Amino acid sequence: MNIRVTVCVGAQQTCGSRNLLCGVAPRRAFSMAAAGTVAHGKLEGRKAAESTGVRKKGVEGRVRSFEEIPHTGRSGWVNLVKFWREDRFRHLHLHMERTFKALGPIYREHVGTQSSVNIILPLDIAELFRSEGLHPRRMTLQPWATHRETRQLSKGVFLKNGEEWRADRLILNREVMMSAPVKRFLPLLDEVARDFSRMLQVRVGKEGRVEGGKRSLTVDPSPDLFRFALEASCHVLYGERIGLFSSSPSLESQKFIWAVEQMLATTPPLLYLPPRLLLRIGAPLWTQHANAWDHIFSHAEARIQKGYRQMSSSQAQGSGAGAAGVRYTGVLGQLMEKGQLSLDLIKANITELMAGGVDTTAVPLQFALFELGRNPEVQERVRQQVRVSCAQAGGDPQKALQGAPLLKGTIKEILRLYPVGTTVQRYPIKDIVIQNYHIPAGTMVQACLYPLGRSADVFEDPLRFDPGRWGSSREGGQRAEGAGGFRSLAFGFGARQCVGRRIAENEMQLLLMHILLSFHLSVSSSEDIRTTCTLILQPETPPRITFSQL
């Protein structure tokens, strides 16, 4: 839920004329080259023997230089003009896919102020993460950081690096990532998911048309899914409901959803320009972005102040938030009770969790309903497993999920085909070699998730929606050997993986569980959904789903 899914877009720009613009002849076949470290200009260590044949061991047996990495044009500003002129911001994921096919499994990109090395193969990604160090860094979303600095607001863990990041992150992990807090907040997520299903049942009963003695309703579910995501997030973060499923949800909550969408839409163009310059000249794009963040913070501030008053009142009456018999007060209550973070830091992190927990959950659920709807046999397999598991769980949501691994497989499969964040980035702390090219320490290297998830070099039948491919006996429907854990990276990896991962995974699984128990899903067209990038990957047009009573 924060930044729930790693939300970052690197500098992307399509190779126009392959030879003239890129200066490198395209390579069409990917090489599963191993990566290693640089020593005296040679590729050494346990991976060296495996590198034989990679680019014919470079030139005269040497590791190739950074400058020799295939690229999409040397001038960042020329590339930026082309990027804007050809509206490539909206199709970054497709650009990456095309560029890997043209240039091979590694290429450099320079657009505006951003430079990166982009990779796709699991073994290369594994090497990148082996060199991330104790304090992993990912790309700083400078527009977000500039907003905090100019408003004199504290930064949450998403925008921090170094020891300060690590100290705050360890505190947050204890409230959102460990098994004990997950067990506490699962019933809250389950309650919201049940209510969503009941709300949908009422709507189908009232508005649906009768077919074969049962009612069905065809709708665009995206507005309701956004409300579900915000309601679920607030229930976990604040320990209370905000009433978005009522007949007249609050205008303030609707404005919050709009502000999140505005913030996400205005972020990508600002990644390639100096935000402080735009601030000085009063650029409308920056003004829209800053105003959206201001509204997000004011919404969170109101919620946090209410939580603080409730906690103070509870303490005055002699019962702390963690006392026996007192209900779970949400992540906010737990952080305030323990007092390990200042109120400003709590506000910063709760706001990031809220802002990153709406679109990044609602959008994958749109894709999940669509894929289940156009794959009825898969849908039925998941439903049957859910029915058996729920019958045996006795109302315990944790047991219900544990007994239905196809639900988790469904989410992993959706995020393979439609990753919310299109890249995961790291800055290696030492010089490394990937694909027989030298990459200096401190270079931003991106694992590109959309082309990775759809690569036939990595997955068998990659365009097929198959939640079962993630079963332990299937090894992920994987073709390439080794580095299996680096095929599913939608939530990032390691110490810097998405801090809201447990909330997001369980939230999506529980909603699908209750929907499948109540409805059969179908779609009018099985054509692929056209997708676009704002800061996250989403449908160009939300799919319409038919919900039919079982």
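Could you give me the ³J(HN,Hα) list for segment 375-391, computed from phi with Karplus coefficients 6.51, -1.76, 1.60 and θ = phi - 60°, whole Hz, x at Gly and Pro?
Residue by residue, segment 375-391 yields 10, x, 5, 5, 4, 5, 4, 5, 4, 4, 5, 5, 4, 5, 5, 5, 5 Hz.
Output the relative contact order of segment 130-289, whole-number percent, from Cα pairs under 8 angstrom with separation of 6+ residues. Don't skip to the answer; put the middle values down first.
Working: 96 pairs, mean separation 30.4, N = 160.
Answer for segment 130-289 is 19 percent.
Hey, can you rank 340-350, 76-86 by average C-beta count inside 10 Å, highest first?
Working: 340-350: 19.8, 76-86: 16.1.
In descending order of packing, they fall as 340-350, 76-86.
Would you grab the residues whose amide H sits under 5 Å from the one on THR531? Only those 5+ places off in sequence or on another chain, please, with H modelled 1.01 Å from N.
Amide H to amide H, under 5 Å and 5 or more residues apart or across chains, THR531 pairs with GLU540.
First compute the accessible area of segment 390-543 with a 1.4 Å probe, then give the percent of it belonging to carbon and sulfur atoms. Display every interim value, and only then the final one.
Working: 2340 of 5250 Å².
Solvent-exposed carbon and sulfur of segment 390-543 make up 45 percent of the total.
Per residue, how much accessible surface does segment 158-215 expose to a 1.4 Å probe? Answer in Å², no decimals.
Numbers: 2980 Å² over 58 residues.
With all protein chains present, segment 158-215 gives 51 Å² per residue.
What's the extension gain from ARG544 to SER313 if we count 0.36 nm per residue and subtract their Cα-Cα distance? The partial results should precede the final answer.
Working: separation 231, 0.36 × 231 = 83.16 nm, distance 4.66 nm.
78.5 nm is the gain from fully extending ARG544 to SER313.
The values are calculated or read from the model by the stated rules, or taken from the named source; none is laboratory data. Since the structure is predicted, the reported quantities are computational estimates derived from the model, not experimental observations. We place every Cβ from the backbone using ideal geometry, glycine too, and count neighbours over all the protein chains shown. Note: accessible area is taken over every heavy atom of the protein model, side chains too, but ligands, DNA and RNA are not part of it. Shrake-Rupley method; radii C 1.70, N 1.55, O 1.52, S 1.80 Å.
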